[in-house]
Amino acid sequence: MKITVLYNKPAARFTTHSKNVEAEEDTEESAEEVVAALKEKGAVVSLVPITEKKIPQTVSTLPDDLIFNLIEWTGRDAKYAAQTYDLLDARGLTYTGATKDNYFLSCDKVAMKRRLDAGGFPTAPWQQFIIGDEPVREDLPFPVIVKVSLEHSSVGLSKDAVIDAPGKLSGFVKKQIAAFRQPVLAEQFLTGREFQVTLLEKASGLTVLPPAEVIYTKKTNVPFLTYESRWNADHPDFQNSTVELAVLSDRLADNLDRMSRGVFMTMGYRDYARFDIRCLGETPMFLEVNSNPGLSDDEQYGMTVSYKALGMSFADFVWEIVQSALRRKNV
């Protein structure tokens, strides 16, 4: 079987402005891991990088066997992902994972929150800010966490992003809007248990893998995954968490299974996904719904913990994604 692994290089702007480039560079590392896994399964694999300046040329030369899609342009660069999806679809190519709609739900936190609310799925109360002077809704519970709408991998998240009173919100919101040149949202900051739930479409049907739990190991008054804790090895908060197989009551396990299946099917996700869920007390709520989440055999990645709990290797997991996409191709 011939498979092309398609991934994006960091946008050209990162060559002169390197802030947050670490979150972009891991895409290539993930692509190389996927290539090795596919070769382990006997596939003939090509690794194809794509840059924003050569999107039409690159897509036009892709073979029509199967594309393993690892495009991750977000934020100001999301327009390049949109162009890539449009060209892939125009050629009728079969690719793994997200549709264009799925992808942009994961990229745009405001669109994601609106879709969750419309579907009746539990998520923290929230408000969008476009200019920063909008009146704070009276029923918004504090403290809140301020997130940049169109970024991923915790870009824009620091301890300062947790705001404990309405009077302190506008200044930080305006600062983030100016820095990232895009809207932000403020949502109730949830402090309960945090889970990563992986879903995989197998031949037997949609499977919810055993959930992984994020455990914060360093004392902090705001336990969550900041950019520094994920990417900055010199920061005192670096690696302030570990990921373990979650120990769940039957009721919580059933809730996570039911709500995750509901979002996957309602939003039309394909092949695989990872949902980030955090509890308010005993009530689980969606933080993020990730189509095409990063793939890695890292032991501290929730997806890895989950597939290994079923006795699967990384190659097994990646191969299931391929088989799911092939079932669509062969219909």
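The values are calculated or read from the model by the stated rules, or taken from the named source; none is laboratory data. Please read all numbers here as calculations on a predicted model, not as lab measurements. As a convention, Cβ positions derive from the backbone with ideal geometry for all residues, glycine included, and neighbour counts pool all protein chains shown. Protein only, heavy atoms only, side chains kept; ligands, DNA and RNA dropped before computing areas. Shrake-Rupley method; radii C 1.70, N 1.55, O 1.52, S 1.80 Å.
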Could you list all residues from segment 13-50 that are modelled with pLDDT of 90 or more and open to solvent by less than 50 Å² (accessible area, probe 1.4 Å)?
-> 30, 31, 34, 35, 37, 38, 43, 45, 48, 50
Apart from one, (1) over 28 Å from residue 324 (Cβ atoms); (2) touching a Gly at 6+ places or on another chain (Cβ under 7 Å); (3) modelled with pLDDT of 95 or more all hold for residue 148; the odd one out is (3)
May I ask you to verify whether residue 229 is in a helix (DSSP H, G or I), among the hydroxyl-bearing types (Ser, Thr, Tyr), under 22 Å from residue 301 (Cβ atoms) and modelled with pLDDT of 95 or more?
-> no
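Is it true that residue 248 is more than 18 Å from the chain's Cα centre (by Cα), of a type outside the set (Asp, Glu), part of a helix (DSSP H, G or I) and surrounded by fewer than 19 Cβ atoms within 10 Å (Cβ to Cβ)?
Numbers: more than 18 Å from the chain's Cα centre (by Cα): yes; of a type outside the set (Asp, Glu): yes; part of a helix (DSSP H, G or I): no; surrounded by fewer than 19 Cβ atoms within 10 Å (Cβ to Cβ): yes.
In short, no.
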Restricting attention to segment 162-203, and to residues there that are of a type in the set (Gly, Ala, Ser) and in contact (Cβ under 8 Å) with a residue 60 or more places away in the chain, which single residue is most open to solvent (accessible area, probe 1.4 Å)?
-> 203
Segment 138-157 - residue that is more than 18 Å from the chain's Cα centre (by Cα) and not hydrophobic (A, V, I, L, M, F, W, C) and, of those, most open to solvent (accessible area, probe 1.4 Å) = 138
Right, residue 72: closer than 14 Å to residue 290 by Cβ, part of a loop (DSSP other than H, G, I, E, B), open to solvent by 10 Å² or more (accessible area, probe 1.4 Å) and not small (Gly, Ala, Ser) or not?
-> yes
